[in-house]
Amino acid sequence: MDIPRLVIAGTGSNVGKTTVTLALLAALRQRGRVVQPFKAGPDYIDPGHHTMATGRPSRNLDGWMLGPAVNREIFLRASADADFSIIEGMMGLFDGSSPMSEVGSTAELAKQLDAPVLLVIDGSGMARSAAAMVSGYARFDPQLRVAGVLFNRVRSEGHYRLLKEAVEAETGLTVVGYFKPDSTLTIGDRHLGLVTAIEQGSTEFYEKLGRAATETVDLDKVEALACSASEDVRGEVLGMRGGNATTPHASRFTPHEVVRIGIAYDAAFCFYYPDNLELLETEGAELIRFSPLKDAALPDVDALYLGGGYPELHGERLANNEAMRIAIRQFAEKGGTIYAECGGLMYLTQAVRDFDGRAHDMVGLFPAEAVMRKPGLTLGYREVEIAKSCALGSPGVKVRGHEFHYSELVPKGPLEYACSVTDACGAVRPPDGLMTGHCVALYAHLHFRSQPSLAGTLVASARGFRERRLAGRSEAK
């Protein structure tokens, strides 16, 4: 399958990969191209911005969580009807789950997709030294193809010419352009990363980034690099016949079998992998969005999915929406299925205590407080194994994901956990998966493609709740 593709990688974190990626995505779209975005690694914020810039859901690809075959399958399905596919890397090009291997790195993913790499470098304060840096990155792994270079934070055309001449003369790689430092083209950040796309409110920012790219970047060269990728994405991907993964999956379920799952979606809860949601749909779920911030009542649903986000930033509004908090607690008490991750878990505790020490009342399903602590970052890959039967499955089922939070759970009473946890190196971590009734809440964000049975089990739990409700109504008549 001929899929023009390009990995945008950095020499390290904070060199401007996301700004560069968004600018290229927007500029290519302005050229009339259909562009499919991807993000390397377990990230929700950058993909949200990708989606706003392109109008297409951005997909996560990850060597440790998903492995090569699943990465290729997700890539092929999403890219099938696109003119170009752009994959934003994570951290530095060779940084991954271990300092001694490429697992989980952008480099590993680029090789899995047989994709050329455009290396982003902070060019401020450098001239010929940039050539030495590029040479090292290009030669470090002979199986990886670093095909081009783009400089960020370069103040003048004259400085850029020095960098370009040095790199092209010493390495033979193509230098495609540069970006000037511009605070108006920078997304603000906070304790978990960039401000989310849902807070941008419009596409104006991305359009401005795209126009900036046309001024200092040779987009013809960028497209040529993407088109220089091999004609086939090699690997053990069986049964692929194209198809667009952004379209809903055809349901094999009758209307009677379809269940409704409420998806919490607003500025407080907006961290979801598109693949998780689509797997739920494939298993017979109809997804209904609702807002814990704004809505006074739950929609008519058979299960709830409370994703991650920033409940700590919206603690007062969540607390003031008492009607929603009561509705969720009553839903759980009636035997409703609830699956929650990170921010969703925090929302289900008795209270969230913010960075200023103020406590905000939450749903109260679990006798604990989620207390924000800075410093206090918990970050890393996780393998979660179910130890007690719950809405996610039976003992022994394993699924991969990651943790990324500044809060700490402070128990106010006995807590029951459903899962044991290890990190990417196999070290034992604290248990996860608070459980009560048909509710399970984890700090770990799980990627369902690492264990597809989870979606079916959640939907089956929701279907069981619906059947119990219907039976109860029949008996009442």
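What follows draws every value from the coordinates through simple rules; no lab data is involved. As the structure is a prediction and not an experimental result, all values here were calculated from the model. All Cβ positions, glycine included, derive from the backbone under ideal geometry; neighbour counts span all protein chains shown.
Observations on the structure shown:
- With θ taken as phi - 60° and the Karplus curve 6.51 cos²θ - 1.76 cosθ + 1.60 applied, the whole-hertz 3J(HN,Hα) list for region 338-353 is 10, 10, 9, 10, 6, x, x, 4, 4, 5, 7, 7, 6, 7, 10, 9 Hz, x standing for glycine and proline.
- Label of the coordinate-derived value, Rg and Dmax of the Cα atoms in Å, listed as (i) 33.0, 105; (ii) 23.2, 84; (iii) 22.8, 77: (ii)
- Calculated from backbone phi, Karplus (6.51, -1.76, 1.60) coupling profile of region 116-122 in Hz, x at Gly/Pro: x, 10, 9, 8, 9, 10, 6
- Nitroxide proxy distance, nm - points 7 Å out along Cα→Cβ at Lys334 and Lys398: 3.9 nm
- Counting DSSP beta bridges with both ends in region 259-476, the antiparallel % (nearest 5): 60 percent
- Whole-number D in µm² s⁻¹ for region 272-318, Kirkwood Cα-pair radius fed into Stokes-Einstein, 10 °C, 1.306 mPa s: 128 µm²/s
- Charge tally in the Cβ shell below 12 Å around Ser291, where Lys, Arg are +1 and Asp, Glu are -1, Ser291 excluded: +1
- Radius 9 Å from Cβ of Val363, net charge of other residues (Lys, Arg +1; Asp, Glu -1): +1
- Gain on full extension, evaluated as 0.36 nm per residue between Arg161 and Glu231 minus their Cα-Cα distance, stands at 21.9 nm.
- Calculated from backbone phi, Karplus (6.51, -1.76, 1.60) coupling profile of region 94-104 in Hz, x at Gly/Pro: 9, 7, x, 7, 8, x, 10, 8, 8, 4, x
- Theoretical gain in end-to-end length, Arg31 to Ser183 [0.36 nm per residue, Cα-Cα removed]: 52.2 nm
- Taking Cα atoms only, the orientation of helix 17-30 departs from the longest principal axis of the chain by about 80 degrees.
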